[in-house]
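Note sheet for the following structure.
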Amino acid sequence: MEHFQTHNGFARAFREKHLTLGFLLPLESYSGSFPKMDIEEQIDLVKKVDQMGFASLFVRDAPIYDPNFGDVGFLYDPFLFLTYAAAHTEKIALGTSSIVTTLRHPLHLAKTAASLDRLSNQRFIFGVATGDRAIEFPTFKVNPEHKGELFREAITVMRKAWKESFPHIQTEHIEMTEGDIVPKPLLGDIPIFGSGYSRQTIDWLAEHTDGWMFYPQNINDQKTLIKKWSEASSTFRPFVQPIAIDLSEKPNEFPKPITGGFRAGRKFLIEYLKAYQAAGVNHVVFVLKPGKRPAKETIQELGEEVLPYFPSNA
C-alpha cells in the first residue's frame, strides 16, 4: 500500500485521518433516468471541479440499460469517458464506482485499466463490483450465482498481469501460456477499491483490495463498520462513501432526508462531514442528481464554502 503514496490519484484523494471530497458523474441535477446536459456542458463542469481543487470524479458502470431500474447509471462507457476527462483535467483523481467485473474478461480489464492509468498520468482509482442489475446476467449468459468467484478471479488475474512480464495464468476461464498484457502500470499495480461486500468476507477484501467503497449509513453503524475494516487491514486502506445532496440556498436550513442522503444548508453539511471524518471516513463522493438547484451553483458553493474544511491532498 505504501507504494500508492506516489500514485497521483490515490495520493490526491486519500490520507489517513483526513476526509476529502469528490463527485459522482454526471455533474447534473435531473429527474428521470437520463441526464439532460450535452457532453461539452458536462466537460466544462468537469474542468471546474478540477480547477476548484476537489479530489475526485467517479463514474458508474451500467453495461445494459434496464428501464425498470429507474436510472441509466451513466450514459457513456466509463473507461472511454474517464480517458476523455483525463485529457481535460490536470490533478483530480478519476475513478470507477464501480466496474462490473463479472461481465467483462479479466485480461481486457487489465489492459484497459493499465492504459487509462498511463494516459491519465496515474490518476485512475479502479472501483470494482459484482453488479446489481438483474437483466445483465442473462443477457451476457453469466450465472449470477458465480458472481463471487468471478470477482475474485478478476482481481487475481489483473494483479498478476500488471506485475509480471509474460505471466502464466491458468484459471477456469483463462489459459495464458504465451504473450503479455501491455502497457504495464508504472507502479506495476493500480489501486483497486471493492464496492460493498461483493460476496466476499471483509478479511478477503482487506487482503486483496486497497480501499473500500460502502453505502451511506447512520454514523454509529458506519463507525462500527470502519473499525472492523481497520482491524482487518494491516495498513491504511481508505474508506469511501457516497452521499446524495440537495444543497439549499439557505446556509442554515435543517436537514430533510432524501434517498441516499439529505437536503440541507451548507452549515449542517459541514458538521455532518466533520462527524464522518471523525468516524474514519476518508472520502465522500457527492451525488448531485436529486438537487433542485443547477449543478453549477451547487458546485460553486461547495467549492467556496465547504471544500476549505476538507482540502484535497497536495
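Residues satisfying the criterion are absent from segment 25-32 (criterion: over 17 Å from Leu302 (Cα atoms), assigned to a helix (DSSP H, G or I), over 13 Å from the mean Cα position of the chain (by Cα) and not aliphatic (A, V, I, L, M)). Figure legend. Inter-residue proximity from segment 257-271: first residues within 8 Å of Leu247 (Cα to Cα), second residues modelled with pLDDT of 95 or more and of a type in the set (Lys, Arg), beta-carbon distance below 7 Å, spacing 6+ or different chains. Indicated pairs: Arg263/Lys256; Gly265/Lys250.
In segment 73-88 there is at least one residue matching the filter, namely being buried (at least 24 other Cβ atoms within 10 Å of the Cβ), in a helix (DSSP H, G or I) and touching an Asp or Glu at 6+ places or on another chain (Cβ under 6 Å). Summed over segment 98-125, residues that are touching a Ser or Thr at 6+ places or on another chain (Cβ under 7 Å), modelled with pLDDT of 95 or more and either among the small types (Gly, Ala, Ser) or surrounded by fewer than 24 Cβ atoms within 10 Å (Cβ to Cβ) (or both) total 3. Considering segment 1-23, and only residues there that are outside any helix (DSSP H, G or I) and among the hydrophobic types (A, V, I, L, M, F, W, C), the residue that is modelled with the lowest pLDDT turns out to be Met1. Here is the figure for segment 172-192: residues that are farther than 20 Å from Asn121 by Cβ, assigned to a loop (DSSP other than H, G, I, E, B) and acidic (Asp, Glu) total 3.
Taking first residues from segment 183-198 that are at positive phi and partners that are assigned to a loop (DSSP other than H, G, I, E, B), the Cβ contacts under 8 Å between residues at least 6 apart in sequence or on separate chains come to Gly196/Phe214; Gly196/Tyr215; Ser198/Thr130. Would you check which residues across segment 1-40 are under 22 Å from Glu207 (Cβ atoms), among the aromatic types (Phe, Trp, Tyr) and in contact with a Ser or Thr (Cβ under 9 Å, 6 or more places away or on another chain) and list them? Passing the criteria: only Phe14. Of everything in segment 36-60 that is in contact (Cβ under 8 Å) with a residue 60 or more places away in the chain and not small (Gly, Ala, Ser), the residue that is surrounded by the most Cβ atoms within 10 Å (Cβ to Cβ) is Phe58. For segment 133-148, which residues satisfy the criterion of being of a type in the set (D, E, K, R) and either surrounded by 14 or more Cβ atoms within 10 Å (Cβ to Cβ) or within 15 Å of the chain's Cα centre (by Cα) (or both)? Selection gives Arg133, Glu136, Lys147.
The values are calculated or read from the model by the stated rules, or taken from the named source; none is laboratory data. Here the structure is a predicted model, which is why all the values come from computation and not from measurement. Glycine also receives a Cβ, built like all others from the backbone with ideal geometry; neighbour counts cover every protein chain displayed.
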